[in-house]
Every structure is written in structure tokens, then in C-alpha cells.
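Student: Let me begin by handing over the structure; questions about it come next.
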Ligand code: ITT
């Protein structure tokens with residue numbers, strides 16, 4: 001299936017293509033006039049509601065423009081830090097662009113309990129149907145930023161199912177073995193192609 005990913009984040013497209021292309025889909029960015037759609041993220045909503053809202057906006061903006069056997073994918077993610085009561089959660093994008101990773105590290109200075117979770121909700125619109133899948137990746141927030149792979153919070157997030165390196169230090173393949181995005185997208189692929197078919 002041809003999957004158009006409506007996102008402003010090219011890293012997400014590359015990661016989704018690496019996960020879904022080997023499963024028989026073809027992922028590409030959804031561009032209008034050569035640019036990603038500008039989707040409004042309703043603040044104060046959970047990532048589930050934000051993902052559904054982004055899909056509605058993308059479907060409306062492309063109404064009648066995509067052929068059959070094509071789907072629109074959107075995804076919303078967040079980093080939920082236990083000791084900060086789940087902050088930044090749905091505000092992760094805003095927080096990254098304002099106080100940044102160093103701001104999160106400062107908020108957690110001297111904090112011993114450093115548990116956190118990346119969460120993703122992926123929603124696919126296909127022939128009027130909506131499929132939805134979620135994924136999570138548990139880990140801890142490091143005390144310093146490390147690594148230049150990945151994007152966003154990767155340099156300060158150490159996945160539980162790893163060897164102590166941050167996601168920023170993992171190769172793209174290693175990240176795709178444990179990431180919230182990989183889990184959400186593999187779930188979508190199973191909904192599209194149930195194992196019994
Ligand atoms: P779109 O909404 O346009 O898809 P975005 O980058 O704004 O792109 P999100 O709102 O879903 O995406 O992401 C919320 C924040 O979480 C944002 O700061 C991302 O950089 C960060 N994030 C999402 N997935 C991540 C990942 O795999 N590794 C590190 N940070 C991630």
C-alpha cells in the first residue's frame with residue numbers, strides 16, 4: 001500500500017519507511033505544493049485526540065486528491081517523565097522548542113527516580129476507514145545529553161531494553177527494535193494485513 005505520512009518531521013518519515021517498507025508498504029511524505037501540510041495540534045488534549053485531529057485535517061486538506069490503494073498516516077508522540085507527573089507529554093513539541101533538552105535535564109537535576117516513557121499513537125485513514133495503533137518505549141532520562149543520531153529527545157532518553165546508550169547513540173536499526181514509533185507502526189501493519197490473511 002502507498003502510505004502518505006502527514007508530518008512536518010522528516011525524521012519520522014525516514015523511521016516509518018524503514019519500518020513499513022520491508023512489510024510491503026511504501027511510505028512517503030504527504031506534500032502539498034511541495035510542502036508538508038501545516039496541521040494544528042489542539043493543545044491540552046492527549047496524544048490520542050491530537051492524532052485523530054491531525055488525521056481529520058489531513059483528509060480534509062487532500063480531499064479527492066489521492067488515488068485508491070493510498071492511505072494517509074499521522075502520528076502524535078510525547079515523552080512522559082514519571083517524576084514530572086507525565087510532563088512534557090502532549091506538550092513535548094512545545095517544550096523541545098522552548099526549554100529544550102537542557103531544560104528537561106535542569107528540571108531533573110538531583111532527581112534519582114528518572115523513569116520515563118515515549119508514547120506514540122499512529123492513525124491511518126484508508127478508504128474512509130480509520131485504523132489506530134499505539135506504541136510505547138520505557139526508559140530513563142540520562143543525566144547528560146549524548147549522541148547525535150535520531151532526533152528530538154533521543155540524546156537524553158535511555159531505553160530500558162538496551163545496553164545503557166541513549167537513543168541518540170543507537171543506530172537507526174537499533175532504535176527501530178525498541179521504539180514507540182516502531183511498535184505503533186508494526187501494529188498498524190498487522191491491522192492492514194492480519195496474520196491469518
Ligand atoms: P508532526 O507533529 O508534524 O508529526 P512533531 O515533530 O511535532 O511532528 P510530535 O508532535 O508527534 O511530532 O512530537 C512531539 C515531540 O516529541 C517532538 O518534540 C518530537 O521531537 C519528540 N519526539 C517524537 N518522537 C520522537 C522520537 O522517536 N525520538 C525523540 N523525540 C521524539
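Student: Taking each pair of distinct Cα atoms in segment 59-123 once, what is the resulting Kirkwood hydrodynamic radius in Å?
Tutor: Computed over Cα pairs of segment 59-123, the Kirkwood hydrodynamic radius comes out at 14.1 Å.
Student: What is the distance, in nm, between label points placed 7 Å from the Cα along the Cα-to-Cβ direction at residue 144 and at residue 129?
Tutor: It works out to 5.1 nm between the two label points.
Student: Another question, if that's okay. Quick one: what does P(r) look like for segment 92-137 with 10 Å bins over all Cα pairs, in whole %?
Tutor: Percent of Cα pairs in each bin: 20, 33, 27, 14, 6, 0.
Student: Please rank 170, 79, 31, fewest neighbouring Cβ atoms within 10 Å first, as an exposure proxy.
Tutor: 31, 170, 79
Student: Let me ask something else about it. Could you give the semi-axes, largest first, of the ellipsoid that matches segment 16-96, computed as the square roots of 5 times the alpha carbon gyration tensor eigenvalues and rounded to whole Å?
Tutor: 27, 16, 11
Student: Just grab the label-to-label distance for residue 28 and residue 114, each label 7 Å out from Cα along the Cβ direction, in nm (one decimal).
Tutor: 4.3
Student: Gap in Å between the Cα centre of segment 11-44 and the Cα centre of segment 139-197?
Tutor: Segment 139-197 and segment 11-44 have Cα centres spaced 17 Å from each other.
Student: Separate question: Can you work out the FRET efficiency for the pair residue 186 and residue 98, with r the C-beta to C-beta distance and R0 = 41 Å, to the nearest 0.05?
Tutor: After rounding to 0.05, the efficiency reads 0.80.
Student: To two decimal places, what compactness ratio does segment 142-194 give when its Cα radius of gyration is scaled by 2.2 N^0.38 Å?
Tutor: 1.26
Student: Taking 8 Å as the Cα distance limit and 6 or more residues as the minimum spacing, I'd like the relative contact order of the chain as a percentage.
Tutor: Computed over the chain, the figure is 19 percent.
Student: Separate question: Taking N as the number of residues in the chain, what value does Rg over Cα atoms divided by 2.2 N^0.38 Å take?
Tutor: That ratio works out to 1.03.
Student: What's the percent breakdown of Cα-Cα distances in segment 88-191 across 5 Å bins, shortest bin first?
Tutor: Taking every Cα pair in segment 88-191, the percentages come to 3, 12, 20, 23, 18, 12, 6, 4, 1, 0, 0.
Student: Relative to the longest principal Cα axis of the chain, at what angle does helix 180-192 sit, 0 to 90 degrees, rounded to 10?
Tutor: That helix lies at roughly 20 degrees to the long axis.
Student: Within segment 1-16, name every residue whose backbone N is under 14 Å away from a label modeled 7 Å from Cα of residue 151 along the Cβ vector.
Tutor: Residues 5-16 qualify, since their backbone N sits under 14 Å from the label point.
Student: Return the distance in nm (one decimal) between the two label points of a simple spin-label model at residue 61 and residue 14, each offset 7 Å from Cα along Cα→Cβ.
Tutor: Taking the simple label geometry, residue 61 and residue 14 are separated by 2.2 nm.
Any read-out appearing in this document is the output of simple, stated calculations on the displayed coordinates, not a laboratory observation. Just so we're clear, the structure is a prediction, and the values are computed from it rather than from any experiment. No Cβ is skipped: glycine too gets one built from the backbone with ideal geometry, and neighbour counts run over all protein chains shown.
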